[in-house]
1. Just to confirm my filter: which helices (runs of 4 or more DSSP H) fall fully inside the stretch B:65-129 and include at least 2 residues that are among the basic types (Lys, Arg), free of Cβ contacts under 8 Å to residues at least 40 places away in the same chain and within 10 Å of chain A (Cβ to nearest Cβ)?
2. Would you confirm whether any residue within the stretch A:123-140 is under 23 Å from A:Arg247 (Cβ atoms), surrounded by 18 or more Cβ atoms within 10 Å (Cβ to Cβ) and without any contact (Cβ under 8 Å) to a residue 60 or more places away in the chain?
3. Would you mind stating whether A:Arg204 is basic (Lys, Arg) and outside any helix (DSSP H, G or I)?
4. Go through the residues of the stretch A:188-200 one by one and say whether even a single one is more than 22 Å from B:Gly80 (Cβ to Cβ), surrounded by fewer than 21 Cβ atoms within 10 Å (Cβ to Cβ), at the interface with chain B (Cβ under 10 Å from one of its Cβ atoms) and not β-branched (Val, Ile, Thr).
5. Which of (1) more than 23 Å from B:Glu147 (Cα to Cα); (2) surrounded by fewer than 18 Cβ atoms within 10 Å (Cβ to Cβ); (3) in contact with a helix residue (DSSP H, G or I) (Cβ under 7 Å, 6 or more places away or on another chain) does B:Ile231 not meet, given it meets every other one?
6. Any idea which residue in the stretch B:50-64 is farthest from the other protein chains (Cβ to nearest Cβ), counting only those that are under 21 Å from B:Ser13 (Cα atoms) and out of contact with any Ser or Thr (no Cβ under 9 Å at 6 or more places or on another chain)?
7. Out of B:Gly30, B:Gly52, B:Gly40, which single residue is small (Gly, Ala, Ser), within 26 Å of A:Glu210 (Cα to Cα) and touching a helix residue (DSSP H, G or I) at 6+ places or on another chain (Cβ under 8 Å)?
8. Condition first: of a type in the set (S, T, N, Q) and more than 20 Å from the chain's Cα centre (by Cα). Now tell me which residues in the stretch B:122-138 satisfy that.
Amino acid sequence: MFTLSELLKYTRTAITRVGLDLEKMLIVLIMILLILPLLELNPYIYHLIILSLMFAVMAAAWVILAIAGPVSLGHATYFGIGAYFTYFAMSKWGLSSYSALMIAILVSVTASVFFSFITFRYGIAGIYFALVTIAFAEILRQLFISFREITGGSLGVFLMVREPTPLHFLYDSKIPYYYFLIAVYIALYVITRYILNKFILVLRVIGNDELTAASMRVNILRYKMLAFSFSALICSLMGWFYIHYFRYITPDVAFGLLTSVEIVVIGLLGGLSVIGALIASLILIPLGEMLRALWGGIYAGLHVMIYGAILMTLVILRSLRIKKG
Amino acid sequence: MEVILEAHNIYKSFGGVKALRDVSLNVERGKIVGIIGPNGSGKTTLINVITGFLKADKGRVIFEGYDVTNLPPYSRAKLGLVRTFQIPRPLTDFTTLENVAVAAMITGMDKAEAYKRAVKILEQVGLSYAANIKAGLLNIIEKKRLELARVLALNPKLVMLDEVLAGARGSELVSLLDTIKGLREQGITVVMVEHLVSAVGSISDWLIVLSEGRKIAEGRPKEVLEDPEVIKAYIGEVK
């Protein structure tokens, strides 16, 4: 019989021998995801993967900012703005889905530029920055609850359902949404890895040491603001996606702390990388959903406790791995 | 000789502490200028003000004829006015080689070119053997060499070295001094702030002495080091 430590040792040697190339692993994972719809599994499985991909993309967006240092605990804000302004544009102003996307992006990027200029220009950093991001999300959540005539209040809003048509990005099947998110994820990966690689490198320099970065000709304010707005842009795209997919959103989901924390947890567990975000989210989101489906109705709170215990275990395992190098 | 850097009547206080009082200086292109002074005489503050990491209360900084007084640090660095830090600040997530290559890439080089240049610079500062070690693991002298290497990768016209010699002894000191002389041969102007007098006196073309935030003497090293004012500032008055 193997002991656990022996087993770990053998796995490690096996991995070193094969060579753990993350990019190859990602390609295999994406291939599996791409052919999965051919198996015509239970739609619930596709739903879980769609949710995972959505959070993977948002966590990756959060990571882009986090590698430069700022930890946002209110990233749901830009997701929420994206979702609500898509709703306004389509249901209230009668615009097409794609014009709505432009408006959603415009509003959320403007909000992020405004917010990041105020915080970064005046040197709000670390724990204070995190607190301010929570406050900003909370303010928006309260505003969207209070202005009931415009926002539908705490009950949220339904996206006016047109005939399901590709022109409005509305489909009856889950599969188009599924493929759309895979495409978004791949695009994000390629952009961060190959197109904006120098930009990401500079963000890492800033995250390492701001004073050194400044001495190395880096305009820190500009880079942090760019990272923040790029991150907000992607989150608003996911908000736009969310309201098309669910056709329903409430302020608690759109600007809630839980949504923000989910993004942060996935980003952190994924080791602040775009690939890691996908893997972490493919584990955590289905786990959370399934625990809720299994035990959520039996004992109130049980699924959250189990989820919390698993999460703590994962975090401890991760930090052990980091210590070992 | 052409003047590359001028500071005019710099004042800087922290609360009630007057760190710099009416300090002016001129640095000639291609020279090594040493700034010495006892602890707390305002040397590092002066570097911070000249490179833009601190804003002066009063006074102007002119670099290559441009008034850079109100420019942020990164803009001054772009003009070629770069610094090292007294307590080295390497990018700890990167290897020694990457630290230098990244700096070269920020100046606009592509990756391959930047790495080639980084290899050369590491040779120049004598750190080739540690190229692939994470920069956080280097010892203090190696970190100071890395500060030098990073600064070189930024194509500087003038470098301000904040106590790079501190802690170096014997052969380490000799090779660091050789590296700094090498900078002058490359046409880079060097301003070095040091607490210890002897080493900096031996390679400087010009010495400036600060004491309690004031410039009390300047001139050729030999003359300055015999100046009774300077001796008084360092070892106190002889009664």
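The values are calculated or read from the model by the stated rules, or taken from the named source; none is laboratory data. In this text the structure is predicted, and so the values were computed from the model without any measurement. Note that each Cβ is placed from the backbone with ideal geometry, even for glycine, and that neighbours are counted across all protein chains shown.
1. In the stretch B:65-129, B:73-79 are the helices (runs of 4 or more DSSP H) which contain 2 or more residues that are among the basic types (Lys, Arg), free of Cβ contacts under 8 Å to residues at least 40 places away in the same chain and within 10 Å of chain A (Cβ to nearest Cβ).
2. Within the stretch A:123-140, none of the residues are under 23 Å from A:Arg247 (Cβ atoms), surrounded by 18 or more Cβ atoms within 10 Å (Cβ to Cβ) and without any contact (Cβ under 8 Å) to a residue 60 or more places away in the chain.
3. Details: basic (Lys, Arg): yes; outside any helix (DSSP H, G or I): no.
So A:Arg204 fails the test.
4. The answer is yes, given that some residue of the stretch A:188-200 is more than 22 Å from B:Gly80 (Cβ to Cβ), surrounded by fewer than 21 Cβ atoms within 10 Å (Cβ to Cβ), at the interface with chain B (Cβ under 10 Å from one of its Cβ atoms) and not β-branched (Val, Ile, Thr).
5. (3)
6. B:Lys58
7. Working: B:Gly30 fails: within 26 Å of A:Glu210 (Cα to Cα); B:Gly40 fails: touching a helix residue (DSSP H, G or I) at 6+ places or on another chain (Cβ under 8 Å).
Of the residues listed, the single one that is small (Gly, Ala, Ser), within 26 Å of A:Glu210 (Cα to Cα) and touching a helix residue (DSSP H, G or I) at 6+ places or on another chain (Cβ under 8 Å) is B:Gly52.
8. Initially, the stretch B:122-138 is screened for residues of a type in the set (S, T, N, Q), giving B:124, B:128, B:132.
Hits for the stretch B:122-138 are B:Ser128, B:Asn132.
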